[in-house]
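Everything below concerns the one structure shown next.
The values are calculated or read from the model by the stated rules, or taken from the named source; none is laboratory data. Treat the numbers as computed from the prediction; the structure is a model and nothing was measured. With ideal geometry, Cβ positions are generated from the backbone for all residues, glycine too; neighbour counts draw on all protein chains shown. Remember, those area values only see protein heavy atoms, side chains included, never the ligands or the DNA or RNA. Shrake-Rupley method; radii C 1.70, N 1.55, O 1.52, S 1.80 Å.
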Protein chains: 2
Amino acid sequence: MKLLVVGANGTLGTAVVHEMKDTAEIIQASRKNSPIKVDITSTDSIRSMFEEVGKIDALVCTAGAAHFGAIEELTPELNSIAVNSKLLGQVHLVLLGLPYILDKGSITLTTGILMDDPILKGTSSSMANGGVRAFVKSAAIEFPRGIRINSVSPNMLEESKEKYGSSFEGYEPVPAKRAALAFRKSILGAQTGQSYTVY
Amino acid sequence: MKLLVVGANGTLGTAVVHEMKDTAEIIQASRKNSPIKVDITSTDSIRSMFEEVGKIDALVCTAGAAHFGAIEELTPELNSIAVNSKLLGQVHLVLLGLPYILDKGSITLTTGILMDDPILKGTSSSMANGGVRAFVKSAAIEFPRGIRINSVSPNMLEESKEKYGSSFEGYEPVPAKRAALAFRKSILGAQTGQSYTVY
(Lines give C-alpha, C1' and ligand atoms only; values in the text may rest on other atoms or scores of the structure.)
Protein backbone atom coordinates (compact mmCIF):
# COMPACT_ATOMS: atom_id res chain seq x y z
CA MET A 1 0.00 0.00 0.00
CA LYS A 2 1.03 3.56 -0.76
CA LEU A 3 0.89 6.00 2.16
CA LEU A 4 1.42 9.74 1.88
CA VAL A 5 2.47 11.39 5.15
CA VAL A 6 2.17 15.18 5.18
CA GLY A 7 4.23 16.62 8.01
CA ALA A 8 6.57 13.62 7.81
CA ASN A 9 9.41 15.65 9.18
CA GLY A 10 7.82 16.55 12.54
CA THR A 11 7.93 14.60 15.79
CA LEU A 12 4.57 12.92 15.23
CA GLY A 13 5.07 12.46 11.47
CA THR A 14 8.43 10.78 12.05
CA ALA A 15 6.80 8.38 14.50
CA VAL A 16 4.02 7.55 12.00
CA VAL A 17 6.60 6.87 9.29
CA HIS A 18 8.51 4.60 11.68
CA GLU A 19 5.33 2.78 12.75
CA MET A 20 4.14 2.17 9.16
CA LYS A 21 7.39 1.56 7.29
CA ASP A 22 7.18 -2.24 7.35
CA THR A 23 3.60 -2.19 6.06
CA ALA A 24 3.49 0.60 3.51
CA GLU A 25 5.46 2.29 0.80
CA ILE A 26 5.70 5.74 2.34
CA ILE A 27 5.86 9.04 0.50
CA GLN A 28 7.08 11.77 2.82
CA ALA A 29 5.95 15.36 2.38
CA SER A 30 6.52 18.52 4.38
CA ARG A 31 7.28 22.20 3.94
CA LYS A 32 11.03 21.58 3.91
CA ASN A 33 13.38 18.63 4.34
CA SER A 34 11.17 15.95 2.78
CA PRO A 35 11.35 14.50 -0.75
CA ILE A 36 7.97 16.05 -1.54
CA LYS A 37 7.48 19.72 -0.66
CA VAL A 38 4.05 21.03 0.33
CA ASP A 39 2.70 24.10 2.07
CA ILE A 40 -0.76 23.12 3.31
CA THR A 41 -1.81 26.78 3.63
CA SER A 42 -1.73 26.99 -0.17
CA THR A 43 -4.33 25.15 -2.25
CA ASP A 44 -2.01 25.45 -5.27
CA SER A 45 0.76 23.72 -3.36
CA ILE A 46 -1.63 20.95 -2.25
CA ARG A 47 -2.85 20.48 -5.83
CA SER A 48 0.74 20.25 -7.11
CA MET A 49 1.62 17.68 -4.47
CA PHE A 50 -1.24 15.37 -5.42
CA GLU A 51 -0.44 15.74 -9.14
CA GLU A 52 3.15 14.77 -8.38
CA VAL A 53 2.29 11.89 -6.04
CA GLY A 54 -0.69 10.43 -7.91
CA LYS A 55 -3.01 7.76 -6.55
CA ILE A 56 -2.48 6.60 -2.96
CA ASP A 57 -4.13 4.19 -0.56
CA ALA A 58 -3.77 6.32 2.52
CA LEU A 59 -3.19 9.93 3.45
CA VAL A 60 -1.98 11.04 6.88
CA CYS A 61 -1.58 14.67 7.93
CA THR A 62 0.41 15.48 11.06
CA ALA A 63 1.12 19.06 9.94
CA GLY A 64 -0.62 22.20 11.12
CA ALA A 65 0.45 25.40 12.84
CA ALA A 66 -1.36 27.70 15.26
CA HIS A 67 -0.57 30.91 17.12
CA PHE A 68 -0.43 30.56 20.89
CA GLY A 69 -1.30 33.72 22.78
CA ALA A 70 -3.63 35.22 25.36
CA ILE A 71 -7.23 35.63 24.25
CA GLU A 72 -7.11 39.38 24.89
CA GLU A 73 -4.23 39.69 22.44
CA LEU A 74 -5.64 37.28 19.87
CA THR A 75 -6.45 39.32 16.78
CA PRO A 76 -8.33 37.99 13.75
CA GLU A 77 -4.97 38.08 11.94
CA LEU A 78 -3.13 35.97 14.53
CA ASN A 79 -6.09 33.60 14.71
CA SER A 80 -5.95 33.14 10.94
CA ILE A 81 -2.69 31.19 11.31
CA ALA A 82 -4.55 28.27 12.89
CA VAL A 83 -7.49 28.71 10.51
CA ASN A 84 -5.33 28.55 7.40
CA SER A 85 -2.93 25.87 8.60
CA LYS A 86 -4.20 23.47 11.29
CA LEU A 87 -7.86 23.73 10.21
CA LEU A 88 -8.10 24.56 6.51
CA GLY A 89 -4.73 23.07 5.64
CA GLN A 90 -6.06 19.70 6.72
CA VAL A 91 -9.58 20.24 5.33
CA HIS A 92 -8.17 21.25 1.93
CA LEU A 93 -5.95 18.15 1.88
CA VAL A 94 -9.17 16.16 2.15
CA LEU A 95 -11.24 18.17 -0.35
CA LEU A 96 -8.48 18.27 -2.97
CA GLY A 97 -7.01 14.86 -2.19
CA LEU A 98 -10.18 12.77 -2.23
CA PRO A 99 -9.99 11.99 -6.00
CA TYR A 100 -6.46 10.65 -5.47
CA ILE A 101 -7.43 8.19 -2.72
CA LEU A 102 -7.94 4.67 -4.07
CA ASP A 103 -11.12 2.68 -3.32
CA LYS A 104 -11.28 1.56 0.32
CA GLY A 105 -8.43 3.92 1.15
CA SER A 106 -8.22 6.15 4.21
CA ILE A 107 -7.45 9.64 5.43
CA THR A 108 -6.22 10.39 8.96
CA LEU A 109 -5.94 13.93 10.30
CA THR A 110 -4.50 15.29 13.55
CA THR A 111 -6.23 17.33 16.23
CA GLY A 112 -5.03 17.57 19.86
CA ILE A 113 -5.98 17.44 23.51
CA LEU A 114 -6.52 21.21 23.81
CA MET A 115 -10.02 21.01 22.36
CA ASP A 116 -11.08 18.78 25.27
CA ASP A 117 -8.74 19.95 27.99
CA PRO A 118 -7.73 23.55 27.27
CA ILE A 119 -4.65 25.47 28.41
CA LEU A 120 -4.07 29.20 28.65
CA LYS A 121 -3.15 30.78 25.31
CA GLY A 122 -4.36 27.76 23.36
CA THR A 123 -7.77 28.99 22.14
CA SER A 124 -6.84 29.34 18.49
CA SER A 125 -5.44 25.83 18.37
CA SER A 126 -8.47 24.43 20.24
CA MET A 127 -10.77 26.04 17.69
CA ALA A 128 -8.90 24.45 14.79
CA ASN A 129 -8.84 21.03 16.48
CA GLY A 130 -12.56 21.13 17.20
CA GLY A 131 -13.28 22.10 13.61
CA VAL A 132 -11.22 19.22 12.24
CA ARG A 133 -12.83 16.68 14.57
CA ALA A 134 -16.36 17.69 13.55
CA PHE A 135 -15.39 17.85 9.86
CA VAL A 136 -14.09 14.27 10.06
CA LYS A 137 -17.17 12.95 11.84
CA SER A 138 -19.44 14.49 9.23
CA ALA A 139 -17.37 13.81 6.09
CA ALA A 140 -17.15 10.11 7.02
CA ILE A 141 -20.84 9.50 6.39
CA GLU A 142 -20.69 10.63 2.79
CA PHE A 143 -17.28 9.55 1.58
CA PRO A 144 -17.48 7.61 -1.70
CA ARG A 145 -15.88 4.29 -2.75
CA GLY A 146 -15.48 2.91 0.77
CA ILE A 147 -12.93 5.55 1.72
CA ARG A 148 -12.66 6.14 5.46
CA ILE A 149 -11.60 9.17 7.51
CA ASN A 150 -10.58 9.51 11.16
CA SER A 151 -8.66 11.94 13.32
CA VAL A 152 -6.13 11.40 16.08
CA SER A 153 -6.01 13.65 19.13
CA PRO A 154 -2.73 13.24 21.03
CA ASN A 155 -1.87 14.57 24.47
CA MET A 156 1.37 16.58 24.72
CA LEU A 157 4.08 14.38 23.27
CA GLU A 158 6.85 13.17 25.56
CA GLU A 159 9.31 14.37 22.93
CA SER A 160 7.94 17.93 23.24
CA LYS A 161 7.94 18.04 27.04
CA GLU A 162 11.10 20.07 27.37
CA LYS A 163 9.86 22.68 24.91
CA TYR A 164 6.18 22.94 25.90
CA GLY A 165 5.93 21.23 29.30
CA SER A 166 5.56 24.46 31.28
CA SER A 167 2.29 25.18 29.43
CA PHE A 168 1.01 21.68 30.12
CA GLU A 169 1.55 21.28 33.88
CA GLY A 170 -0.21 18.17 35.14
CA TYR A 171 -0.75 16.71 31.68
CA GLU A 172 0.55 13.18 31.23
CA PRO A 173 2.79 13.20 28.18
CA VAL A 174 2.51 10.35 25.69
CA PRO A 175 5.35 8.99 23.58
CA ALA A 176 4.94 9.80 19.87
CA LYS A 177 5.12 6.08 19.13
CA ARG A 178 1.94 5.57 21.19
CA ALA A 179 0.16 8.27 19.19
CA ALA A 180 1.47 6.65 15.99
CA LEU A 181 -0.40 3.46 16.90
CA ALA A 182 -3.70 5.35 16.57
CA PHE A 183 -2.71 6.29 13.02
CA ARG A 184 -1.94 2.63 12.35
CA LYS A 185 -5.39 1.71 13.65
CA SER A 186 -7.00 4.31 11.40
CA ILE A 187 -5.03 3.24 8.30
CA LEU A 188 -5.30 -0.52 8.68
CA GLY A 189 -8.58 -0.83 10.60
CA ALA A 190 -12.15 -0.55 9.37
CA GLN A 191 -13.55 2.29 11.46
CA THR A 192 -14.54 5.68 10.08
CA GLY A 193 -15.62 9.03 11.49
CA GLN A 194 -13.73 8.43 14.73
CA SER A 195 -11.67 10.76 16.89
CA TYR A 196 -8.98 8.58 18.46
CA THR A 197 -7.83 10.18 21.69
CA VAL A 198 -4.34 9.30 22.90
CA TYR A 199 -4.52 10.87 26.34
CA MET B 1 -28.90 44.91 31.58
CA LYS B 2 -28.01 45.66 27.98
CA LEU B 3 -28.09 42.71 25.57
CA LEU B 4 -26.89 42.82 21.97
CA VAL B 5 -28.40 40.10 19.77
CA VAL B 6 -26.62 39.57 16.45
CA GLY B 7 -28.89 37.71 14.07
CA ALA B 8 -31.93 39.13 15.85
CA ASN B 9 -33.98 38.84 12.70
CA GLY B 10 -33.69 35.05 12.27
CA THR B 11 -35.89 32.33 13.73
CA LEU B 12 -33.62 31.66 16.68
CA GLY B 13 -32.68 35.32 17.21
CA THR B 14 -36.35 36.32 17.30
CA ALA B 15 -36.99 33.66 19.95
CA VAL B 16 -34.04 34.88 22.05
CA VAL B 17 -35.31 38.47 21.83
CA HIS B 18 -38.76 37.30 22.90
CA GLU B 19 -37.34 35.22 25.78
CA MET B 20 -35.17 38.05 27.12
CA LYS B 21 -37.30 41.12 26.49
CA ASP B 22 -38.69 41.38 30.02
CA THR B 23 -35.23 41.10 31.55
CA ALA B 24 -32.95 43.08 29.27
CA GLU B 25 -32.77 46.18 27.17
CA ILE B 26 -32.20 44.53 23.81
CA ILE B 27 -30.23 45.94 20.90
CA GLN B 28 -31.06 44.06 17.73
CA ALA B 29 -28.49 43.64 14.97
CA SER B 30 -28.49 41.74 11.69
CA ARG B 31 -27.43 42.09 8.08
CA LYS B 32 -30.74 43.71 7.11
CA ASN B 33 -34.04 44.57 8.78
CA SER B 34 -32.68 45.35 12.25
CA PRO B 35 -31.97 48.76 13.81
CA ILE B 36 -28.23 47.95 13.85
CA LYS B 37 -26.71 46.59 10.64
CA VAL B 38 -23.79 44.17 10.78
CA ASP B 39 -22.16 41.73 8.41
CA ILE B 40 -20.23 39.29 10.62
CA THR B 41 -18.03 38.20 7.69
CA SER B 42 -16.45 41.69 7.80
CA THR B 43 -14.22 42.69 10.71
CA ASP B 44 -14.75 46.35 9.74
CA SER B 45 -18.50 45.89 10.01
CA ILE B 46 -18.12 44.20 13.41
CA ARG B 47 -15.86 47.02 14.64
CA SER B 48 -18.36 49.66 13.48
CA MET B 49 -21.20 47.86 15.23
CA PHE B 50 -19.41 47.80 18.58
CA GLU B 51 -18.40 51.46 18.24
CA GLU B 52 -22.04 52.32 17.57
CA VAL B 53 -23.47 50.15 20.35
CA GLY B 54 -20.86 50.78 23.06
CA LYS B 55 -20.63 48.86 26.30
CA ILE B 56 -22.99 45.94 26.84
CA ASP B 57 -23.61 43.31 29.50
CA ALA B 58 -24.30 40.46 27.17
CA LEU B 59 -23.68 39.49 23.57
CA VAL B 60 -25.62 36.76 21.77
CA CYS B 61 -24.92 35.60 18.24
CA THR B 62 -27.48 33.49 16.41
CA ALA B 63 -26.14 34.45 12.97
CA GLY B 64 -23.93 32.36 10.73
CA ALA B 65 -24.21 30.91 7.24
CA ALA B 66 -22.79 27.75 5.68
CA HIS B 67 -22.88 26.06 2.30
CA PHE B 68 -24.71 22.72 2.23
CA GLY B 69 -23.50 20.33 -0.41
CA ALA B 70 -22.03 16.89 -1.06
CA ILE B 71 -18.45 16.40 0.15
CA GLU B 72 -17.31 15.52 -3.37
CA GLU B 73 -18.53 18.88 -4.61
CA LEU B 74 -17.31 20.87 -1.63
CA THR B 75 -14.54 23.14 -2.89
CA PRO B 76 -12.29 25.26 -0.66
CA GLU B 77 -14.25 28.26 -1.97
CA LEU B 78 -17.68 26.87 -1.02
CA ASN B 79 -16.31 25.73 2.33
CA SER B 80 -15.05 29.26 3.00
CA ILE B 81 -18.66 30.43 3.41
CA ALA B 82 -18.98 28.54 6.69
CA VAL B 83 -15.42 29.45 7.70
CA ASN B 84 -15.97 33.18 7.22
CA SER B 85 -19.51 33.33 8.57
CA LYS B 86 -20.55 30.62 11.04
CA LEU B 87 -17.02 30.07 12.40
CA LEU B 88 -14.96 33.26 12.05
CA GLY B 89 -17.97 35.58 12.09
CA GLN B 90 -18.70 34.38 15.61
CA VAL B 91 -15.04 34.16 16.67
CA HIS B 92 -14.39 37.71 15.49
CA LEU B 93 -17.44 38.98 17.38
CA VAL B 94 -15.73 37.63 20.50
CA LEU B 95 -12.20 38.85 19.73
CA LEU B 96 -13.34 42.34 18.71
CA GLY B 97 -16.24 42.58 21.15
CA LEU B 98 -14.49 41.52 24.35
CA PRO B 99 -13.42 45.08 25.30
CA TYR B 100 -17.06 46.18 25.01
CA ILE B 101 -18.40 43.55 27.41
CA LEU B 102 -18.86 44.90 30.93
CA ASP B 103 -17.39 43.14 33.99
CA LYS B 104 -19.21 39.88 34.76
CA GLY B 105 -20.91 40.05 31.39
CA SER B 106 -21.42 37.15 29.01
CA ILE B 107 -21.14 35.99 25.42
CA THR B 108 -23.29 33.21 23.94
CA LEU B 109 -22.63 31.76 20.49
CA THR B 110 -24.58 29.26 18.39
CA THR B 111 -23.45 25.90 17.03
CA GLY B 112 -25.82 23.08 16.02
CA ILE B 113 -26.58 19.39 16.21
CA LEU B 114 -24.72 18.52 12.98
CA MET B 115 -21.34 18.43 14.72
CA ASP B 116 -22.59 15.58 16.95
CA ASP B 117 -25.13 13.95 14.69
CA PRO B 118 -24.20 14.66 11.06
CA ILE B 119 -26.41 14.69 7.96
CA LEU B 120 -25.47 14.33 4.31
CA LYS B 121 -24.21 17.60 2.79
CA GLY B 122 -23.64 19.15 6.21
CA THR B 123 -19.86 18.76 6.57
CA SER B 124 -18.98 22.41 6.18
CA SER B 125 -21.50 23.45 8.81
CA SER B 126 -20.37 20.65 11.16
CA MET B 127 -16.78 21.87 10.86
CA ALA B 128 -17.76 25.42 11.79
CA ASN B 129 -19.90 24.25 14.71
CA GLY B 130 -17.11 22.07 16.10
CA GLY B 131 -14.66 24.94 15.82
CA VAL B 132 -16.96 27.31 17.69
CA ARG B 133 -17.63 24.78 20.48
CA ALA B 134 -13.91 24.18 21.09
CA PHE B 135 -13.14 27.91 20.85
CA VAL B 136 -15.73 28.61 23.56
CA LYS B 137 -14.48 25.87 25.87
CA SER B 138 -10.94 27.17 25.63
CA ALA B 139 -11.62 30.93 25.66
CA ALA B 140 -13.68 30.55 28.85
CA ILE B 141 -10.65 29.68 30.98
CA GLU B 142 -8.84 32.90 30.20
CA PHE B 143 -11.58 35.50 29.86
CA PRO B 144 -10.87 38.58 31.97
CA ARG B 145 -13.08 40.50 34.42
CA GLY B 146 -15.42 37.62 35.22
CA ILE B 147 -16.81 37.54 31.70
CA ARG B 148 -18.32 34.20 30.74
CA ILE B 149 -18.80 32.46 27.37
CA ASN B 150 -20.99 29.53 26.34
CA SER B 151 -22.45 28.11 23.16
CA VAL B 152 -25.86 26.67 22.37
CA SER B 153 -26.30 23.74 20.01
CA PRO B 154 -29.92 23.38 18.90
CA ASN B 155 -31.48 20.47 17.05
CA MET B 156 -33.41 21.35 13.87
CA LEU B 157 -35.92 24.01 14.88
CA GLU B 158 -39.61 23.17 14.66
CA GLU B 159 -40.07 26.44 12.77
CA SER B 160 -37.63 25.24 10.07
CA LYS B 161 -39.13 21.79 9.67
CA GLU B 162 -41.04 22.58 6.49
CA LYS B 163 -37.96 24.04 4.84
CA TYR B 164 -35.25 21.61 6.03
CA GLY B 165 -37.12 18.61 7.40
CA SER B 166 -36.32 16.33 4.46
CA SER B 167 -32.61 16.60 5.28
CA PHE B 168 -33.28 15.80 8.95
CA GLU B 169 -35.40 12.66 8.76
CA GLY B 170 -35.75 11.12 12.21
CA TYR B 171 -34.49 14.18 14.05
CA GLU B 172 -36.79 15.45 16.76
CA PRO B 173 -37.37 19.14 16.07
CA VAL B 174 -37.29 21.56 19.00
CA PRO B 175 -39.29 24.77 19.22
CA ALA B 176 -37.12 27.89 18.97
CA LYS B 177 -38.47 29.00 22.34
CA ARG B 178 -36.92 25.90 23.94
CA ALA B 179 -33.54 26.72 22.39
CA ALA B 180 -33.96 30.32 23.58
CA LEU B 181 -34.11 29.05 27.17
CA ALA B 182 -30.51 27.81 26.83
CA PHE B 183 -29.48 31.35 25.86
CA ARG B 184 -31.33 32.64 28.94
CA LYS B 185 -29.40 30.14 31.08
CA SER B 186 -26.13 31.27 29.57
CA ILE B 187 -26.90 35.00 29.99
CA LEU B 188 -28.36 34.92 33.48
CA GLY B 189 -26.59 31.87 34.95
CA ALA B 190 -23.06 31.51 36.28
CA GLN B 191 -21.62 28.75 34.09
CA THR B 192 -18.88 29.28 31.54
CA GLY B 193 -17.21 27.24 28.80
CA GLN B 194 -20.32 25.13 28.31
CA SER B 195 -21.94 23.76 25.17
CA TYR B 196 -25.67 23.64 25.91
CA THR B 197 -27.26 21.02 23.71
CA VAL B 198 -30.98 21.43 22.98
CA TYR B 199 -31.59 18.06 21.33
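If you average 1/r over every pair of different alpha-carbon atoms in the protein assembly as shown and take one over that average, what Kirkwood value in Å do you get?
21.3 Å
For A:64-71, what's the mean count of beta carbons from other chains sitting within 10 Å of each residue's beta carbon?
Across A:64-71, the average partner-chain Cβ count within 10 Å equals 2.
Projected onto the charge dipole of the stretch A:111-189 (+1 at Lys/Arg Cβ, -1 at Asp/Glu Cβ, origin at the Cα centre), which of A:Tyr164, A:Phe135, A:Ile187 gives the Cα projection farthest towards the positive end?
Going by the Cα projections, it comes out as A:Ile187.
Give, as a single signed number, the net charge of other residues whose beta carbon lies under 14 Å from the beta carbon of A:Val6, with Lys and Arg counted +1 and Asp and Glu -1.
Within the 14 Å Cβ shell, the charges total +4.
With unit charges on the beta carbons (Lys and Arg positive, Asp and Glu negative) and the dipole taken about the Cα centre of the stretch B:2-198, which residue among B:Thr43, B:Ile149, B:Ala63 sits farthest to the positive side?
Comparing the listed Cα positions along the dipole, B:Ile149 ranks first.
Sort A:Met1, A:Met115 from largest to smallest accessible area, using a 1.4 Å probe on the heavy atoms of the protein chains.
Listed by decreasing accessible area, they come as A:Met1, A:Met115.
I'd like the interface area for chains A and B: accessible area of each alone minus the complex, both sides summed, 1.4 Å probe, protein heavy atoms only. What is it in Å² to the nearest 100?
Result for this pair: about 3100 Å² buried.
Would you work out the charge dipole size for chain A about its Cα centre, treating the Cβ of every Lys and Arg as +1 and the Cβ of every Asp and Glu as -1, and quote it to the nearest 20 debye?
520 debye
From largest accessible area down, sort A:Glu72, A:Glu158; use a 1.4 Å probe on the protein chains.
Ranked from most to least accessible, the order is A:Glu72, A:Glu158.
Please enumerate, by chain and number, the aspartates and glutamates with C-alpha under 18 Å from the C-alpha of B:Lys2, excluding those fewer than 8 residues away in the same chain.
Excluding near neighbours in sequence, the set is B:Glu19, B:Asp22, B:Glu25, B:Glu51, B:Glu52, B:Asp57, B:Asp103.
How far, in nm to one decimal, is B:Thr23 from itself in the other copies if the label point is set 7 angstrom along Cα toward Cβ? Shortest first, please.
5.2
Taking the label point 7 Å from Cα in the Cβ direction, how far apart in nm is A:Thr11 from each other copy of itself, listed shortest first?
Nearest first, the other copies' label points are 4.6 nm away.
Can you send over the solvent-accessible area of B:Arg184, 1.4 Å probe, protein chains only, in Å² to the nearest 10?
Rounded to the nearest 10, the figure is 70 Å².
With every protein chain present, what is the per residue accessible area of the stretch A:2-198 (1.4 Å probe, Å²)?
41 Å²
How large is ³J(HN,Hα) for each residue in the stretch A:15-25, as worked out from phi by the Karplus curve 6.51 cos²θ - 1.76 cosθ + 1.60 (θ = phi - 60°), to whole Hz, x for Gly and Pro?
Going residue by residue, I get 5, 5, 4, 4, 5, 9, 5, 7, 9, 10, 7 Hz, with x marking Gly and Pro.
Name the nearest-to-axis residue of chain A, judged by Cβ distance to the rotation axis taking chain A onto chain B, and quote that distance in whole Å.
A:Gly131, 2
Compare each residue of the stretch A:120-136 in its chain alone against the assembly with all protein chains, and report those whose accessible area goes down by 40 Å² or more; 1.4 Å probe, heavy atoms.
Buried-area filter returns A:Leu120, A:Thr123, A:Met127, A:Ala134, A:Phe135.
Can you pull the percent of chain B's accessible area that's carbon plus sulfur, 1.4 Å probe, other chains left in place?
Percent of accessible area from carbon and sulfur atoms in chain B: 47.
Just to confirm the numbers: B:Lys177, label point 7 angstrom along the Cα-Cβ line, distances to the other copies in nm, shortest first?
Ordered by increasing distance: 6.2 nm.
From the protein chains alone at 1.4 Å, what is the descending order of accessible area for B:His92, A:His67, largest first?
A:His67, B:His92
Working out 0.36 nm times the residue gap between B:Lys2 and B:Lys177, then minus their Cα-Cα distance, what length gain in nm do you get to one decimal?
The B:Lys2-B:Lys177 span can extend by a further 61.0 nm.
Using only helices, what value at 222 nm comes out for chain B when you add -39,500 (n - 2.57) per DSSP H run of length 4 or more and divide by the total residues, to the nearest 500 deg cm²/dmol?
Taking each H run of at least 4 residues, the total per residue is -10500 deg cm²/dmol.
Nearest 10 degrees, 0 to 90: what angle lies between the long axis of helix A:88-97 and the longest principal axis of chain A (Cα atoms)?
The angle comes out near 10 degrees.
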